[in-house]
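A short worksheet on the structure shown next.
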């Protein structure tokens, strides 16, 4: 084969070899080195018209050229690197807005006690006091209502003729706690016996009411703990009917806004959301709702979260407070110290309106209140957003299998920098849009949050790695020569003004590059490219 024939090799590329990688109208960026581009390519190579193929193999795969011809050729180095096959998607870097934050959450936060029977209110516990088990809450027609602790509500008259039931067990447990079973006659078996009757008579006598040994329906209630009288909803002398609210055990302070956070502020556990007439409303980051007033005797997960928060804020009653689910005197001491430190009313009682809850720290995306505006139960305060930047992507339905939660991706920032990231969530609800078609919502988080500093919203590209090979030899696809008898070769610079062909196996293709496999090649060699 002559030198001239060796240089006139047909290097045309099969047009069907171009992969239809998803494009999203991404802005132009500075080109990457050819071995690192990440859009998917599948490449074929045109057949070389080698007239003297047999002669080439017969001479040890050596096809030399003249010094003058070699000088006119274009060369690229063989590179040992990582080759990636990727799909490019469009996304938006910013903060994801959530549902509006409503003061005290919902009306369910106000816990009320309702009347059990009709009548005229003849007495009422005072505002601000706590009524505990065995005490009188209020009275209608001079019939006192006694407080007992239990989960099952009062629904019938209890006496020696009552059928067995778990409400009787609750009552007997309460009587035992109150000390009316000194002789241990109560079996706690749900059977209303004469021992139960005698214990009730003793309690009624101590309370100064008729000692009948019978609890008429409406004369007693079961609640989950001590009742803090946040507000009386029925005055003495007023008429009430069954189901009418007479006492609110929690209340939400309302009034004029005197301070609030600014849009863009990031608020976390213990930060002040806003201030109502000098009283701060504090954010707790937890999934446990604060739905009631908490004071001494309260028991539950909300008490535990409060105590954990007080410990975290540095208030532990000189080391005496334990973060359990019981609000005791040590909890009061720690709460008083915290309230004093933030300018809240120092009363050792945590009212529902003093705390608002979110499951994550928030960023104030929009404020619906202002200094001087009025807030009350149900007022929208802020529209929060995620406190850290995320990348939102509309993943077209045909690409649904492209990524799953946890996949690593690369986010190309507006300045061209590449930032490692991971897929946080992939929606499972298909959304139909006339503009975008059918798509799924995807959220991606940057591994390095500082990378998004100063960017409230910006378009970015996301490169999803479909395939990857590491530590392989790579050349431009155009360096491949298809041999007439099958297979591929590359033409290398043999030195001294000569070139020669080396047979290779082609591996992975990616963005105009190809992995080549040959024992005769090594990184740094130069191959001919058109």
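Bear in mind these aren't lab numbers, they're just calculated from the coordinates by the rules spelled out. Keep in mind the model is a prediction, meaning the values are calculated, not measured. Backbone-built Cβ (ideal geometry, glycine too); neighbour counts: all protein chains shown.
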Size-normalised alpha-carbon gyration radius of segment 388-459, reference 2.2 N^0.38 Å: 1.15
Please work out the C-alpha center-to-center distance from segment 217-275 to segment 106-163 and express it in whole Å. 18
What Kirkwood hydrodynamic radius do you get for segment 422-483 when you take the inverse of the mean 1/r over all pairs of distinct Cα atoms, in Å? 16.4
Shape call for segment 154-209, from the Cα gyration tensor axes a ≥ b ≥ c (a/c under 1.5 means rounded, otherwise prolate when a/b beats b/c, else oblate), comes out oblate
Using the Cα gyration tensor of segment 339-426, with a ≥ b ≥ c the square roots of its eigenvalues, what is the shape: rounded (a/c below 1.5), prolate (a/b larger than b/c) or oblate (neither)? prolate
Roughly what percent of Cα-Cα pairs across segment 88-182 reach past 19 Å? 63
Rule-of-thumb check for segment 273-365: C-alpha Rg over 2.2 N^0.38 Å? 1.02
141, 85 arranged by Cβ crowding within 10 Å, fewest neighbours leading: 141, 85
So for 90, 398, 172, fewest C-beta neighbours within 10 Å to most, what's the order? 398, 90, 172
So what are the radius of gyration and Dmax for the Cα set of segment 318-464, in Å? 22.3, 63
Segment 437-524: relative contact order as a whole-number percent, Cα under 8 Å and 6+ apart: 22
How big is the Kirkwood radius of segment 91-246, worked out from every pair of different alpha carbons and given in Å to one decimal? 17.3
For segment 255-303: rounded, prolate or oblate by the Cα gyration tensor [a/c cutoff 1.5]: oblate
Give, to the nearest whole percent, the P(r) tail of segment 371-530 beyond 20 angstrom, counting all Cα pairs. 68
Output ordering of 352-358, 474-480 (per-residue mean of other Cβ within 10 Å, highest first) is 474-480, 352-358
Mean separation of Cα pairs under 8 Å and 6+ residues apart, divided by the residue count of segment 114-270: what relative contact order is that in percent? 34
Percent relative contact order for segment 388-459, counting Cα pairs under 8 Å at least six residues apart, stands at 39
Which distance in nm do the two modelled labels at residue 436 and residue 326 give, with both placed 7 Å along the Cα-to-Cβ direction? 5.3
